[in-house]
Amino acid sequence: MSILQIYMQSDGKVLEILPEEVENAEFAVEDVVCQVLLELFGGGSVDDVSIHFSSYLLNRRQCSIQVHAQCSYQSFALIPCTSENIELAVERSIGPIMTELFGPVKVNCVILDPSPWNRKNGPALHRSA
């Protein structure tokens with residue numbers, strides 16, 4: 001299994017989730033990511049979802065969303081099966097759905113580590129928006 005990390009940020013203009021609803025929001029994000037993993041990889045698992053709200057800045061409350069998941073990159077449904085294409089597909093698949101939950105969301109970074117147990121071959125591959 002490969003490690004997939006997704007980092008997102010709401011811009012705070014329209015925040016559909018309140019800080020008191022973090023646990024429910026984390027479950028919703030987990031469900032969205034599971035759907036994306038099923039669509040792109042035929043399955044996978046979400047290990048952790050973290051949502052952190054910042055304090056108000058210019059009447060805006062921003063939040064950051066971090067997701068750690070596992071998937072089998074060899075099962076990627078699109079061609080070519082490159083890290084860059086996988087990361088871009090994840091970003092494009094998850095962005096619109098997250099916007100429905102949180103208002104405008106930017107996917108800051110998607111990191112795919114195709115072989116987390118073999119660190120001798122170099123660092124993880126990643127794409128930043």
Legend entry - Test set (1) part of a strand (DSSP E or B); (2) open to solvent by less than 70 Å² (accessible area, probe 1.4 Å); (3) at pLDDT below 90; (4) not aromatic (Phe, Trp, Tyr) - His52 fails condition number: (2)
Inset, instruction - Can you confirm whether region 24-47 contains a residue that is more than 16 Å from the chain's Cα centre (by Cα), under 19 Å from Gln5 (Cβ atoms), modelled with pLDDT under 90 and in a helix (DSSP H, G or I)? - result: no
Inset, instruction - Looking at (1) at pLDDT below 90; (2) open to solvent by less than 30 Å² (accessible area, probe 1.4 Å), find the lone condition where Gln74 falls short. - result: (2)
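The values are calculated or read from the model by the stated rules, or taken from the named source; none is laboratory data. Owing to the predicted nature of the structure, the values given are computational and were not obtained by experimental measurement. Glycine gets a Cβ as well: all are built from the backbone with ideal geometry, and neighbour counts include every protein chain shown. For the accessible areas, the whole protein counts, side chains as well, though only heavy atoms, and no ligand, DNA or RNA atoms are used. Shrake-Rupley method; radii C 1.70, N 1.55, O 1.52, S 1.80 Å.
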